[in-house]
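Structure provided below as structure tokens; questions to follow.
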């Protein structure tokens, strides 16, 4: 009866605590068609994703915020941006806190968290996702969606760090930091480390990457996925 145990301890356990309306929204998202990765970049919709980690432990700290911005048909859609807070300031004794120490935060849970993540799901739809160091971002995003909504995202992630290094070999390599690419191309993040601001900066880098990619014959989202795989094959330990 392992399957029965898993039913009440895995992602489905959370789903059973969702309202009928919330479950219907998830069902509607699941029915969306899978992304067509064979379309031209300029007939595709990408979603740029960035996150902020609350606290100083960026590896294991709680997810603090999620920022998302859409790039549709090669153009940044300024009306399609999303920022979600995953934490809120915790009640603290200001007198007891050492000067300069950041305010403590508490993770947003329950209905508020569920609604925020449903908004993210609706915003993303079934578009390919783009992030810088995508494996880290994907792991954190997919974990919270599975835990709160019982949803397996199962969408393609494109790592702009690897793609940029593959397309602009004369300018950087796989270890180049995002700040180095921003500085080289003169791209300004209005508020660095703010997820929406950084998603906007990433969208501008993606526009540059798509132009170079099309020139080099990488004309579709699928070709970017293959380019990333090829670069990773060259640097398997990176």
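The values are calculated or read from the model by the stated rules, or taken from the named source; none is laboratory data. Here the structure is a predicted model, which is why all the values come from computation and not from measurement. Virtual Cβ from ideal backbone geometry, glycine too; neighbours counted across all protein chains shown.
Can you pull out every residue in the stretch 18-46 that is more than 21 Å from residue 147 (Cβ to Cβ) and surrounded by 18 or more Cβ atoms within 10 Å (Cβ to Cβ)?
If the condition is that a residue be more than 21 Å from residue 147 (Cβ to Cβ) and surrounded by 18 or more Cβ atoms within 10 Å (Cβ to Cβ), then 35, 41, 44, 45, 46 are the ones that fit.
Any idea how many residues of the stretch 115-157 are more than 19 Å from residue 199 (Cα to Cα), out of contact with any helix residue (DSSP H, G or I) (no Cβ under 7 Å at 6 or more places or on another chain) and not in a helix (DSSP H, G or I)?
Qualifying residue count, the stretch 115-157: 1.
So, one more: May I ask you to say which residue of 112, 22, 59 is more than 28 Å from residue 222 (Cα to Cα) and modelled with pLDDT under 85? Give the steps one after another, and end with the answer.
On the way: 112 fails: modelled with pLDDT under 85; 22 fails: modelled with pLDDT under 85.
Selected residue: 59, the only one of 112, 22, 59 that is more than 28 Å from residue 222 (Cα to Cα) and modelled with pLDDT under 85.
From the list 191, 228, exactly one residue is within 19 Å of the chain's Cα centre (by Cα) and surrounded by fewer than 15 Cβ atoms within 10 Å (Cβ to Cβ). Which is it? Show your work before the answer.
Numbers: 228 fails: surrounded by fewer than 15 Cβ atoms within 10 Å (Cβ to Cβ).
Going through 191, 228 in turn, just one is within 19 Å of the chain's Cα centre (by Cα) and surrounded by fewer than 15 Cβ atoms within 10 Å (Cβ to Cβ): 191.
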